[in-house]
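Here's the structure we're looking at; comments come further down.
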Amino acid sequence: MGFFDGLLGSRTAEFDSGSAATNAIELTKRHHYVSLTKQGAATGNLRVNLTWRMRTSDIGGPQRESLLRHPFKALKPPEVIGHSQSMVNVDLDLGCLYELADGTKGVVQPLGGLLGDVNAPPYVKLSGDDRFGSASGETMYVNLDHRDDIKRLLVFVYIYDQTPAFDRTHAMVTLYPSNGPRIEIGLDERHPQARSCAVVMIENVKGELLVRREVRFVYGFQAELDRLYGWGLQWGRGYKTKAEK
């Protein structure tokens, strides 16, 4: 069964149209795919961006509750209150499993320095590795001028060698096509022990380029995502170099 079996028979809209103010399409469980071809956005470089930050409710919530019960805690120096909070260091990485039309398969990811190439196979390139959830985040580029050479791309996010804490981050993957509104996929489901998440599938179906929301959390790493989607690659334990860290 193909990933889009059952979807192509209905031509009704399966996405939330963004308002003029936000100029965004949000993919949700109910409205889970959009056609880049029909949007006139199946050419040029597709920019895929991952951003995240700690939930403010996790940082300030417990403190505010304790102040209601123990108002004298407000007299403590800020440093003391700060050290009493539980902070989690999260390093989210952006990656992509690819399968080309000629059968070539592989992965683009920071781990192992597999950064890809935007002008040659696999026509996917990762730019940089953000370890701290900065405003710019991590960015990947997909050359859609070679869309006929691409069969499917699975964009995923994983936590590198840190405490599993997907449920404590505001993680967002945003696709910026060369034309039309951006496409947003929020990783807002509560899976506190998950280490990886399949975020979105980009698939060439009979010449039409479709983007489908996945947001499937798993408790392993890339090998488990591989098995889930039938990629068939061989995996081993990998580490970042000092430069990559």
task: Give the range 196-211 a look and list any residue that's at pLDDT 95 or above and open to solvent by 60 Å² or more (accessible area, probe 1.4 Å), or say none.
output: none
query: What number of residues within the range 101-116 are assigned to a strand (DSSP E or B), open to solvent by 10 Å² or more (accessible area, probe 1.4 Å) and of a type in the set (A, V, I, L, M)?
result: 2
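Rundown of residues vs (1) out of contact with any strand residue (DSSP E or B) (no Cβ under 9 Å at 6 or more places or on another chain); (2) modelled with pLDDT under 95, yes/no style:
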{"residue": "181", "(1), (2)": "no, yes"}
{"residue": "184", "(1), (2)": "no, no"}
{"residue": "187", "(1), (2)": "no, yes"}
{"residue": "194", "(1), (2)": "no, yes"}
{"residue": "236", "(1), (2)": "yes, yes"}
query: Among the residues of the range 132-147, is there at least one that is polar (S, T, N, Q), surrounded by 15 or more Cβ atoms within 10 Å (Cβ to Cβ) and modelled with pLDDT of 85 or more?
result: yes
field: Members of the range 186-218 found to be of a type outside the set (A, V, I, L, M) and touching a Pro at 6+ places or on another chain (Cβ under 8 Å), listed by number
entry: 192, 193, 195
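The values are calculated or read from the model by the stated rules, or taken from the named source; none is laboratory data. Quick caveat: nothing in here was measured; it's all calculated off a predicted structure. Positions of Cβ are generated from backbone atoms using ideal geometry, with glycine treated the same way; all protein chains shown enter the neighbour counts. What goes into the accessible areas is simple: the full protein's heavy atoms, side chains included, and nothing from ligands, DNA or RNA. Shrake-Rupley method; radii C 1.70, N 1.55, O 1.52, S 1.80 Å.
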